[in-house]
Amino acid sequence: MRRFLLLYATQQGQAKAIAEEICEKAAAHGFSADLHCISELDKYDLKTETAPLVVVVSTTGNGDPPDTARKFVKAIQDKTLPGDFFAHLRYGLLGLGDSEYTYFCNGGKIIDKRLQELGAKRFYDTGHADDCVGLELVVEPWINGLWAALVKHFLSSRGKEESLTMASNASQRTDPLTPELLHIESQVGLLRLDDSGRKDAEVLEQNAVNRGQSNTLIADFESSLTHSVPPLSQASLNIPALPPEYLQVDLEESHGQESQAPVTSVDPVFHVPISNAVQLTTNDAIKTTLLIELDISKTDFSYQPGDAFNVICPNSDSEVQHLLQRLQLADRRDHCVVLKIKADTKKKGASLPQHIPERCSLQFLLTWCLEIRAVPKKAFLRALADHTGDGAEKRRLQELSSRQGAADYNRFVRDACACLLDLLLAFPSCQPPLGLLLEHLPKLQPRPYSCASSSLFHPGKLHFIFNIVEFLSNATEAVLRKGVCTGWLATLVESVLQPNACASHADVEKALVPKISISPRTTNFFHLPNDPSVPIMMVGPGTGIAPFIGFLQHREKLQEQHPDAHFGAMWLFFGCRHKDRDYLFRNELRHFLKCGILTHLKVSFSRDAPAGEAEAPTKYVQDSIRRHSKQVAGVLLQESGYIYVCGDAKNMAKDVNDTLVEIISKEVGAEKLEAMKTLATLKEEKRYLQDIW
Ligand code: NAP
């Protein structure tokens, strides 16, 4: 057994699951993986590590490495480290991301770049897996190629004699090592990712192929979630290896000691009452935006304008009850869940999931701990197939998990937002044990929101705003579903919701509204400049305006407290669809303008008819920004000002970024590349800040 160190940096569990898969497969290829979360800095030491390192890194937020990697990244980014600090280290890195976001796979790219800068060398090309088209498109070949790359590494580092022994061992084996050795060059070619730009282009190309495949299938009206047509229905299938089951679940009669609070957060949790709720949009607005005020006066929770925090939310009660019924466990919903590791499990290093509290009830488990809405991964479908009695249903589940069925999986599972309940309803003979659900359903994640107030302005209160998310799920039949958290919050405040009357409002009847649980978020970069005389520009269409309301309230109080101080200009570029339907905080913004806190307010209405403007219409925030090119360039390049962007990451933030490049290039007379460099410098100096998702 050749040892390698296997680290994962996970946010929602995907990188961990992939690392565990690598760990499980390692033995079959003659390796032993020393598996750790990257945060467990006391369990490994890269400075003295002699074995090859394999790292799986996901990406979160605005292209950041996951929270679990924060300490590691901070440590390796220490500027005092010499350039040969990791010269002894050989590594392979798999980055996970979503190409719909601006900074694709950036978590992995940051670590990869820094390891290189410190002298580490890759023994295997970096992989960038794209959740937008299915991580498995890169993950599977990357893992398949890893074994050959490890063999090659050990062959080259252990000298001729040993390499001959290994090579002869390899040639006697009947496992997949031999064909992989033969194909090493093509594997490496496939995954040659030194030039990340080229790889991203390849990923996009692959996306296009996949989308093309889905489009072709749309014309094929006979295939559905439960039914396939030739050639897939007749194909022999390459299905993923069955992940070893490892959890044994017993349901015991309850004795009233179960955990009943939403506990599984590592951060401190505060239970706070809702003290007000306001609908900020009219009833005919395209999206409904609500503002919720929390009373934090009796807690130690504190925040600065620009901070975000987590709301701990439950799954929908009706979906939980439906799931319990389908699993034939409705009459045991109050039973206590007792978890053990299966004595005979083949899963290496199996451990109990940390997000499931001890002795919670079954109902609590499904309500507060598991993301039951998650789109099931292929490995889950594969495992479900083994608990499906009907032959045709079993085959279809296998197809959906197979390489040949990738386009059907994308169309009927991923793009249709299918969840476990949809699958169980579509495949009635599938009866999985509870343990399997616990092994495959990810942890129910808390949802982040930006603070939309200042505690100077609203002492003891915290405001946040959100749209009630609605989407069409059409796995079995078209159903309009609400977002897990926003749907729950909207129902919670339904009875006390006030019409748009944010300025003065009485506290709602506390008895009517239960408390909610929140926890602070630790990444706090999106703050006002320390020097209040510096000019700032804020760009926040839709609910992206949230942190800027906090900034403006804060500034108003600071100006009251320091009437003689010099405060820099504040620009706000806001965008909404209709002036009279979703112009959020209209009265408040007028007030800030009137008292001179807000010096420039530029609002664009994307769906109102242009008001006969002489200049080009300003449909979106970037059109307004473009219209004020000179001032924007002046603030950023001459007055050492800041620009903040908050809101949608997929389109708006990209387009605003492109507009800024265009403006800098025009105003300075520089090439596009030069303008991009200038913008990158602003980012480095933390004068171009984004809070986008
Ligand atoms: P939105 O969907 O971003 O729409 C707001 C306005 O932006 C609309 O007028 C929309 O116009 C326009 N728009 C569409 N595409 C655009 C583009 N490429 N460039 C510029 N503007 C564009 O607003 P939202 O529904 O309120 O969503 C805001 C986003 O901010 C969400 O992604 C949310 O997750 C995120 N966010 C929320 C918070 C919070 O605290 N709630 C904090 C940070 C981020 P059309 O629809 O007419 O095209």
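Here are the numbers for the structure shown:
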{"read-out": "For segment 343-435: Kirkwood Rh in Å [reciprocal of mean 1/r, alpha carbons]", "value": "14.7"}
{"read-out": "Mean separation of Cα contacts under 8 Å (6+ apart) over length of the chain, as relative contact order %", "value": "12"}
{"read-out": "Gain on full stretching of the segment that runs from residue 495 to residue 88 - 0.36 nm per residue minus C-alpha separation", "value": "140.2 nm"}
{"read-out": "Radius ratio Rg over Rh of segment 590-636, counting only Cα atoms, Kirkwood formula for Rh", "value": "1.02"}
{"read-out": "Computed helical MRE - 222 nm, the chain, DSSP H runs ≥ 4 contributing -39500 (n - 2.57), nearest 500", "value": "-10000 deg cm²/dmol"}
{"read-out": "Label-point gap, in nm, between residue 12 and residue 352 - each point 7 angstrom along Cα→Cβ", "value": "2.7"}
{"read-out": "By average C-beta atoms within 10 angstrom, highest first, the peptides 239-247, 85-93, 386-394, 129-137", "value": "129-137, 85-93, 239-247, 386-394"}
{"read-out": "Counting DSSP beta bridges with both ends in segment 12-143, the antiparallel % (nearest 5)", "value": "10"}
{"read-out": "Using a Förster distance of 22 Å, the FRET efficiency for residue 472-residue 579 (Cβ separation, nearest 0.05)", "value": "0.20"}
{"read-out": "Segment 1-159: Cα Rg divided by the 2.2 N^0.38 Å rule of thumb", "value": "0.97"}
{"read-out": "Estimated FRET transfer efficiency (residue 45, residue 343; beta-carbon r; R0 45 Å; 0.05)", "value": "0.85"}
{"read-out": "Measure of compaction for segment 311-395 (Cα Rg per 2.2 N^0.38 Å)", "value": "1.24"}
{"read-out": "Volume per residue of the C-alpha convex hull in segment 1-93, rounded to whole Å³", "value": "96"}
{"read-out": "In degrees, nearest ten, helix 546-561 long axis to first principal axis of the chain (Cα)", "value": "40"}
{"read-out": "Length added when fully stretched, residue 251-residue 322, from 0.36 nm per residue minus Cα-Cα", "value": "23.7 nm"}
{"read-out": "For residue 584, net neighbour charge (Lys/Arg +1, Asp/Glu -1) across residues whose Cβ lies under 14 Å away", "value": "+3"}
{"read-out": "Overall Cα dimensions of segment 269-362 - principal axes, largest extent first, Å", "value": "57, 34, 25"}
{"read-out": "Surrounding net charge for residue 398, when Lys and Arg each add one and Asp and Glu each subtract one, Cβ distance under 14 Å", "value": "+1"}
{"read-out": "Span from the segment 387-445 Cα centroid across to the segment 596-652 one, whole angstrom", "value": "46"}
{"read-out": "Inter-site label distance for residue 395 and residue 557 at 7 Å from Cα along Cβ, in nm", "value": "6.7"}
{"read-out": "Full-extension gain in nm, residue 482 to residue 404, via 0.36 nm per residue minus C-alpha separation", "value": "24.8 nm"}
{"read-out": "Burial order of peptide ranges 452-465, 650-663 (average beta-carbon count within 10 Å, highest first)", "value": "452-465, 650-663"}
{"read-out": "Debye-sum result for the chain in log10 I(q)/I(0), which assumes one identical scatterer on each alpha carbon, at q = 0.10, 0.11, 0.12 Å⁻¹", "value": "-1.12, -1.33, -1.51"}
{"read-out": "Mean projected area (nm²) of the alpha-carbon convex hull when segment 600-693 is viewed from all directions", "value": "6.6"}
{"read-out": "Mean separation of Cα contacts under 8 Å, 6 or more apart, over the residue count of segment 271-383: relative contact order %", "value": "20"}
{"read-out": "Spin-label model distance (nm) - residue 685 vs residue 157, 7 Å beyond Cα toward Cβ", "value": "4.3"}
{"read-out": "Segment 54-106: equivalent-ellipsoid semi-axes (sqrt of 5 x gyration tensor eigenvalues, Cα, Å)", "value": "23, 14, 10"}
{"read-out": "Percent of beta bridges antiparallel (DSSP, the chain, rounded to nearest 5)", "value": "45"}
{"read-out": "Net charge of neighbours whose Cβ lies under 10 Å from the Cβ of residue 226, counting Lys and Arg as +1 and Asp and Glu as -1", "value": "0"}
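We did not get these values from a lab; they are worked out from the coordinates using the rules stated. Just so it is clear, the structure is predicted and the values come from calculations on it, not from any experiment. Note that each Cβ is placed from the backbone with ideal geometry, even for glycine, and that neighbours are counted across all protein chains shown.
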